[in-house]
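Participant: Pasting a structure below so you can have a look.
The values are calculated or read from the model by the stated rules, or taken from the named source; none is laboratory data. Since the structure is predicted, the reported quantities are computational estimates derived from the model, not experimental observations. Ideal geometry is used to build each Cβ from the backbone, glycine not excepted, and the neighbour counts take in all protein chains shown. Note: areas computed on protein heavy atoms with side chains; ligands, DNA, RNA excluded. Shrake-Rupley method; radii C 1.70, N 1.55, O 1.52, S 1.80 Å.
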Amino acid sequence: MSAPTLDRPTDEAALQRQFEATIAADRRVEPRDWMPEGYRRTLIRQIAQHAHSEIIGMQPEGDWLLAAPSLRRKAILLAKVQDEAGHGMYLYSAAETLGADRADLTDKLIEKKQKYSSIFNYPTLTYADVGVIGWLVDGAAICNQVPLCRSSYGPYARAMIRVCKEESFHQRQGYELLMTMMRGTPEQRAMVQDAVDRWWWPSLMMFGPPDDDSPNSAQSMAWGIKRHSNDELRQRYVDMTVPQAEFLGVTLPDPELRLDPDTGRHRFGAIDWSEFKAVLAGNGPCNDERIARRRAARDDNAWVTEAATAYAEKHAGAVA
Amino acid sequence: MVGHQETVYDALDHAHGGEGHWAFGTGFDEPLAGVDTTVPDGVDATDLGSYCLMLGDDALVLAQRLTQWVTAAPELEEEVAVANTALDLLGQARLLLARAGSVGVLGRSRTLATESVPDEDALAYFRDPDEFRSTGLVEADNGDFGQTMARLLVAATVRLAVFARLRESRDPVLAAIAAKGVHELAYHRDHAARWVLRLGDGTPESHRRVQAGVDAVWPHLAELFTATDVERRLVAAGVAVDPADVRDEVREVLTTVLDRATLRVREWPADTPPRGRLGEHGPELTELLGTLQGLARQHPAATW
């Protein structure tokens, strides 16, 4: 970025070559560097979707904030939901370095023109869901996101480093809640198993469609935006989670799940992709509710943002 | 745990702190673990505990009210700020309720909560509304964002004035809680004041709405500055702050902010008996506690 102007090629073919050289050398692309339009569009789409997921993801667990069963659990959950708002902020900022605008991205979310992780369209029925979201959903998110810390786009990669640190912390807190509940009453143990039964398959779907049905994956991998295929990450997640489930004392709801002695990896049953597609298409249990809450936050408080803008304009130049 | 060494996040996890890496207030220790909780000479333990409930319940109830804004706030920055303020207040509540428990003030909660429930939770989850000592100011519904910030401004201004003085309390635990709390409360007051300025001097609509919010909050000032008998005895013992002593400071701060926000300062309400401190509350508190306590009371033998 600090290279003298003379060294900067100006014709598109040369710029393209320079971009490709950056990717090939595993260096980072920075906001002021030239980049192909497709790269920019793909990144904006992916980062916005990721930011939306953080913000919508505040809701399922947020539903238990007011009713958390101990003050310590309330503090943990509040800190976690607050972290998610913070993650959304870093990610929208990363998207803004590519020329996107946060308010515009939020509008696209509310108008259902951009997506968020379909996992957040499932309801949280008991307090065990808070723990299972931490363990399984954040666990899956970490598997997806740790490789993104090496993403080719600098601001995204750097945002992911911080996000991943906090996510790994959330995952441990979720697991710790489940351990505590498993040591508790029979009702609490039943709640944990029930929550695992409901969240296991959706968590596997978080890695996206299988590799042979993932149209954007190859290009994203070539660009260094994505580092591993969906199926590869899903397999890692399963291998990582099975021993954790055993330690916890819960059963993962898949009769076909077993360790393959030849490969040392776990084989698992077929995922119901029709459910994934239906939820992604907007027909999950909570899609409308999630978007309605986001819309209400924007619309009911529009007078507040207008006032803040008007005040800033009136007092422009004045020292706060 | 077979294969655990190879997980993608494991290295990250170890690199960043391991077991010690818990956020403040989320660790396993009880809030006052390791603190000397001896009651100072000449101080009535029941009075001290009751006073801690007054301060603790205000914080707990206001934290719950602010938490209602999470996922509903005007901007993401405000999501973070409102959650942060609620977390601070929740932390204050936990320390104060634990202090009340440490001197044996648990009310009827212990007849409902099982042994394994820590004191802070017994007090938060297993007291009925008539045992709460919070004021009507923090119990009232949020209203819109303007009213919420007007209430936070008033509540943080009063609490900051009290906590600043409580740093000199003869109860070292209370003094330490206050010393920590003043930094938090100064931020809460500043944050709320900035919003009241923006809204008061923003658009005609925001001016009208935040004025209505201030007007709705104002009558709650009436019960805030009359000491209960418990407070009077503790003031004499050098432990508590007489709420009447902070009235002028509160009035001055609020008047300054409202003036700058181009808002009308209504006539200061005449003092009334401190109903909330005596356990008299409206339906808002009952409803708030119903949500807060429901799950814990459904499973009284559970540990979380």
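Participant: State the percent of C-alpha pairs, over all pairs in the stretch A:139-276, separated by a distance greater than 17 angstrom.
Facilitator: 66
Participant: Gaussian network model of chain A, Cα springs within a sub-10 Å range: biggest mean-square fluctuation belongs to which of A:Ala21, A:Ala218, A:Ala308?
Facilitator: In this elastic network of chain A, the residue with the biggest mean-square fluctuation among A:Ala21, A:Ala218, A:Ala308 is A:Ala308.
Participant: Under 10 Å, Cα contacts only: if you run a Gaussian network model on chain A, which one of A:Asp272, A:Asp101, A:Asp197 comes out with the highest mean-square fluctuation?
Facilitator: A:Asp272
Participant: Here is a follow-up. After finding the eigenvalues of the alpha carbon gyration tensor for the stretch A:14-96, what semi-axes result from the square roots of 5 times each, listed largest first in whole Å?
Facilitator: Equivalent ellipsoid of the stretch A:14-96: 39, 12, 8 Å, largest first.
Participant: If you don't mind, there's one more thing I want to ask. Go through B:Ser50, A:Ser152 and list them by solvent-accessible area, largest first, probe radius 1.4 Å. Write out the running numbers ahead of the final one.
Facilitator: On the way: B:Ser50 25, A:Ser152 5 Å².
Result of the area sort, largest leading: B:Ser50, A:Ser152.
Participant: Using alpha-carbon positions, what is the distance between the centroids of the stretch A:77-96 and the stretch A:123-161, in Å?
Facilitator: If we compute the Cα centre of each part, the gap is 12 Å.
Participant: Over the Cα atoms of the stretch B:256-297, what is the Rg over Rh ratio if Rh follows Kirkwood? Walk me through the numbers on the way to the answer.
Facilitator: Details: Rg = 17.1 Å, Rh = 13.9 Å.
Using Cα coordinates only, the ratio equals 1.24.
Participant: Apply the Karplus curve 6.51 cos²θ - 1.76 cosθ + 1.60, θ = phi - 60°, to the phi angles in the stretch B:276-281 and return the couplings in whole Hz, x for Gly and Pro.
Facilitator: Along the stretch B:276-281, the couplings run x, 5, 9, x, 9, 9 Hz.
Participant: What residue among A:Asn121, A:Val250, B:Gly238 has its Cα farthest toward the positive end of the dipole of the protein assembly as shown, where the charges are +1 on Lys, Arg and -1 on Asp, Glu, each on the Cβ?
Facilitator: Checking the options against the dipole of the protein assembly as shown, the answer is A:Asn121.
Participant: Also: Evaluate peptide B:77-83: per residue, the Cβ atoms of other protein chains within 10 Å of its Cβ; return the mean as an integer.
Facilitator: That works out to 6 on average.
Participant: Does any residue of the stretch A:81-115 lose at least 20 Å² of accessible area with all protein chains in place compared with its chain alone, and if so which ones (probe 1.4 Å)?
Facilitator: A:Gln82, A:Ala85, A:Met89, A:Arg102
Participant: Roll a 1.4 Å probe over the protein heavy atoms and report the accessible area of B:Thr37 in Å², nearest 10.
Facilitator: Solvent-accessible area, nearest 10 Å²: 50 Å².
Participant: With the crude spin-label approximation of a point 7 Å out along Cα→Cβ, what separation in nm comes out for A:Ala24 versus B:Glu168?
Facilitator: Going by the 7 Å Cα→Cβ label model, 7.5 nm.
Participant: Give, in whole angstrom and from largest to smallest, the semi-axes √(5λ) of the equivalent ellipsoid of the stretch B:165-282, with λ running over the eigenvalues of the Cα gyration tensor.
Facilitator: 30, 18, 11
Participant: If one computes P(r) from the Cα atoms of the stretch B:81-208, what percent of pairs lie at distances over 26 Å?
Facilitator: When all Cα pairs of the stretch B:81-208 are counted, 33 percent exceed 26 Å.
Participant: Shape of the protein assembly as shown from its Cα gyration tensor (a ≥ b ≥ c, root eigenvalues): rounded if a/c is under 1.5, otherwise prolate when a/b > b/c, or oblate?
Facilitator: Numbers: a/c = 2.24, a/b = 1.44, b/c = 1.56.
Note, shape of the protein assembly as shown comes out oblate.
Participant: With every protein chain in place, what's the accessible area of A:Arg265 (1.4 Å probe, Å², nearest 10)?
Facilitator: That residue has around 100 Å² of solvent-accessible surface.
Participant: Then there's this: Considering protein heavy atoms only and a 1.4 Å probe radius, which residues within the stretch A:229-248 exhibit an accessible-area decrease of no less than 20 Å² in the full assembly relative to the chain by itself?
Facilitator: Correct list: A:Arg236, A:Met240, A:Pro243, A:Gln244, A:Phe247.
Participant: When the Cα centres of the stretch B:35-49 and the stretch B:254-269 are compared, how far apart do they sit, in Å?
Facilitator: For the stretch B:35-49 versus the stretch B:254-269, the Cα centre distance is 39 Å.
Participant: Would you mind telling me the share, in percent, of accessible area of the stretch A:22-295 contributed by carbon and sulfur at probe 1.4 angstrom?
Facilitator: Values: 5340 of 10150 Å².
After summing per-atom areas, the C and S share lands at 53 percent.
Participant: Against the globular-protein guess of 2.2 N^0.38 Å, express the Cα radius of gyration of chain B as a ratio, rounded to two decimals.
Facilitator: Relative to the 2.2 N^0.38 Å estimate, chain B comes out at 1.06.
Participant: Check A:Tyr153: other-chain or 5+ apart residues with amide H under 5 Å from its amide H, H built from backbone geometry?
Facilitator: A:Val29
Participant: I would also like to ask the following. Leaving out ligands and nucleic acids, note down the accessible area per residue over the protein assembly as shown with a 1.4 angstrom probe, in whole Å².
Facilitator: I get 41 Å² per residue for the protein assembly as shown.
Participant: Among A:Ala278, A:Ala140, A:Ala195, which one shows the biggest mean-square fluctuation in a GNM of chain A, springs joining Cα atoms closer than 10 Å?
Facilitator: Of the options given, A:Ala278 has the highest mean-square fluctuation.
Participant: May I pose another question? Between the stretch B:285-304 and the stretch A:291-309, what's the alpha-carbon centroid distance in Å?
Facilitator: 32
Participant: Using unit Cβ charges (K, R positive; D, E negative) and no other charged atoms, how large, in debye to the nearest 20, is the dipole of the stretch B:43-297 about its Cα centre?
Facilitator: 240
Participant: Residue by residue through the stretch A:125-139, which ³J(HN,Hα) values in whole Hz follow from phi under the Karplus form 6.51 cos²θ - 1.76 cosθ + 1.60 (θ = phi - 60°), with glycine and proline marked x?
Facilitator: 8, 9, 5, 4, 4, 4, x, 5, 4, x, 6, 7, 5, 5, x
Participant: Scan around A:Arg265 for amide H atoms under 5 Å from its own, H built in the peptide plane at 1.01 Å from N, and keep only partners 5 or more places away or cross-chain.
Facilitator: A:Asp260
Participant: What is the percent carbon and sulfur in the accessible area of chain B, measuring with a 1.4 Å probe over the protein chains and ignoring ligands?
Facilitator: Roughly 52 percent, rounded to a whole number.
Participant: Rounded to whole Å and ordered largest first, report the semi-axes of the equivalent ellipsoid of the stretch A:22-295 derived from its Cα gyration tensor (root of 5λ).
Facilitator: For the stretch A:22-295, the semi-axes come out at 30, 23, 17 Å.
Participant: Quote the total accessible area buried by chains B and A together, excluding ligands, DNA and RNA, probe 1.4 Å, nearest 100 Å².
Facilitator: 5900
Participant: Karplus couplings for the stretch B:159-167 from phi (6.51 cos²θ - 1.76 cosθ + 1.60, θ = phi - 60°), rounded to Hz, Gly and Pro as x?
Facilitator: With the stated coefficients, the stretch B:159-167 comes to 5, 5, 4, 5, 5, 4, 6, 5, 4 Hz.
Participant: Rounded to the nearest 10 Å², what accessible area does A:Ile291 have for a 1.4 Å probe in the complete protein model?
Facilitator: The accessible area comes out at roughly 10 Å².
Participant: Run the numbers on the stretch B:289-304: which residues show a drop of 20 Å² or more in accessible area, chain on its own versus all protein chains together, using a 1.4 Å probe over heavy atoms?
Facilitator: The answer is B:Thr291, B:Leu292, B:Leu295, B:His299, B:Ala302, B:Thr303, B:Trp304 - residues whose exposure falls by at least 20 Å² when every protein chain is included.
Participant: First check a/c for the stretch A:190-242, with a ≥ b ≥ c the square roots of the eigenvalues of its C-alpha gyration tensor; if it is under 1.5, answer rounded, and if not, answer prolate when a/b is larger than b/c or oblate otherwise.
Facilitator: Judged from the Cα gyration tensor, the stretch A:190-242 comes out prolate (a/c at least 1.5, a/b above b/c).
Participant: From the residues B:Leu288, A:Ala190, B:Pro204, which one has its Cα farthest along the dipole of the protein assembly as shown in the positive direction, the dipole being from +1 and -1 charges on Cβ of Lys/Arg and Asp/Glu about the Cα centre?
Facilitator: With unit charges placed on the Cβ atoms, the residue in question is B:Pro204.
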